[in-house]
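Since the structure comes first, as structure tokens, the remarks are kept for the end.
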Amino acid sequence: MQQARSLGAQIKTKQRVRDLAEVYTHEREVNAMLDLVADMFPSEERPRDIGRTFLEPSCGAGNFLVAILDRKLAYVGFGALYRSVATFETAVLKALSSIYGIDIDSENVEQSRAFLRADVAQHMNLHLNTVPVSEGFWPAVEAVLATNIIRADTIKDAQRILLVEYRWQRRTGEVIRAWSHLKEPDGQLDLFGQTGDGPLGDEVPIHYGLLGDHPEPVRRQKSTSRRAGRTEGSQA
Ligand SMILES: C[S@@+](CC[C@H](N)C(=O)[O-])C[C@H]1O[C@@H](n2cnc3c(N)ncnc32)[C@H](O)[C@@H]1O
């Protein structure tokens, strides 16, 4: 797939190279490295295998993140495996939400988010053409980018970095999120282990159309409402 942005220059300034060791990886090397883990991506035999997790601990401007997303979205086509806008959008969000990036520099974080956002927009335009996306789709994209592409010092902040795992229910467009720290108290880097304080997450599935309005875990409503399973945004 054509990328939404040229990967461009590998350095911004000499000062940033000195301060951040910031030299972005060229597209050629990015692709060569991703070829080494080809089984992490969907294929003709496994076209639905779009949810394998990637974490880039110093993501820079997002060169790896977008190349990973492209390889996943190459198998998310509207009208073939995904026949409705809702199932198509769910698959795009599933692919996006399986990719995580951390960088110490806020400019890099914004660039990575923008790069991924533009990649998703290009994919939607290409596949949906004049069919509109649903109202909650872009807020959901923003919600995922906010949880998955974050500014932090991956080494010093590892026990404070909270990452959100998205567990999707393909047919309904619902998801259950689970929060956990990047590094657990025993010192192990543990993507999506349990936090020391016990699991933190949604008590009920939430439709992707509501993700933008519910950045915090949702709890099962305790009222006597007849609409069982309604969600309520709250700090867990
Ligand atoms: C060599 S660049 C690589 C960027 C990207 N991985 C790529 O291949 O294009 C290193 C990146 O690490 C980031 N960085 C440096 N120290 C970091 C730290 N302690 N935690 C998170 N990011 C860090 C810098 O801001 C810079 O973007």
Residue-span extension gain [A21 to E142] - 0.36 nm each, minus C-alpha spacing = 40.7 nm
Work out from phi, with θ = phi - 60° and the Karplus expression 6.51 cos²θ - 1.76 cosθ + 1.60, the ³J(HN,Hα) of each residue of segment 30-47, listed in order in whole Hz, and give x for Gly and Pro.
-> 4, 5, 5, 6, 5, 4, 5, 10, 4, 6, 7, 10, x, 8, 4, 7, 10, x
Mean shadow area of segment 14-233 over all directions, Cα convex hull, nm² | 14.0 nm²
Using the Cα atoms of segment 73-153 to build a convex hull, what is its mean projected area in square nanometres?
-> 5.1 nm²
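Computed from the coordinates by the stated procedures, all read-outs in this text should not be read as laboratory data. Fair warning: this is a prediction, and the values are worked out from it, not measured in the lab.
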